[in-house]
1. Please compute the net charge surrounding Ile63, taking Lys and Arg as +1 and Asp and Glu as -1 over other residues with Cβ under 13 Å from its Cβ.
2. Give the accessible surface of the chain per residue, rounded to a whole number of Å², with probe radius 1.4 Å and ligands, DNA and RNA excluded.
3. With the full set of protein chains in place, find how many percent of the accessible area of the chain is carbon and sulfur; take the probe as 1.4 Å.
4. What angle, in degrees between 0 and 90 and rounded to the nearest 10, separates the Cα long axis of helix 11-51 from the longest principal axis of the Cα atoms of the chain?
5. In region 8-78, which chymotrypsin sites (Phe, Trp or Tyr not before Pro) fall in coil by DSSP and have 15 or fewer other Cβ atoms within 10 Å?
6. For the chain, what is the convex hull volume of its Cα atoms per residue in Å³?
7. Which of Tyr40, Ala60, His71 sits closest to the plus end of the dipole of the chain, meaning its Cα is farthest towards the positive end, when Lys and Arg get +1 and Asp and Glu get -1 on the C-beta?
Amino acid sequence: MAYQSTHIDSGLGRALHGIYGAVRGFLSSVGTAMIVSSSYTARVNKVQALQAKSDEELAAMNIKRDDIVHHVFHDLYYI
């Protein structure tokens with residue numbers, strides 16, 4: 001049995017599909033950038049909060065002042 005399509009592929013349909021794809025890609029990129037930015041902002045705020053602590057408070061948390069950035073961002077890189 002053969003199937004036959006009566007759908008006419010117009011240039012307008014392809015153009016709209018292409019525009020939709022471009023807009024979707026752009027908005028997806030913006031959303032991803034916002035998520036990454038908020039994640040880094042939270043981490044920078046944590047670094048600042050730890051830097052504001054005294055050496056005694058950091059020692060109680062078992063963190064050296066020189067290791068604050070590594071402590072906060074340790075999951076993003078490997079040493």
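1. -1
2. Value returned for the chain: 87 Å² of accessible area per residue.
3. 61 percent
4. Tilt relative to the chain: about 10 degrees.
5. Answer by residue number: Tyr77, Tyr78.
6. It comes to 174 Å³ per residue, whole-number rounded.
7. Highest projection toward the positive end goes to Tyr40.
The values are calculated or read from the model by the stated rules, or taken from the named source; none is laboratory data. Small disclaimer: the values here were computed from a predicted structure and weren't measured. As a convention, Cβ positions derive from the backbone with ideal geometry for all residues, glycine included, and neighbour counts pool all protein chains shown. Just the protein is used for accessible areas: all its heavy atoms, side chains included, with ligands, DNA and RNA removed. Shrake-Rupley method; radii C 1.70, N 1.55, O 1.52, S 1.80 Å.
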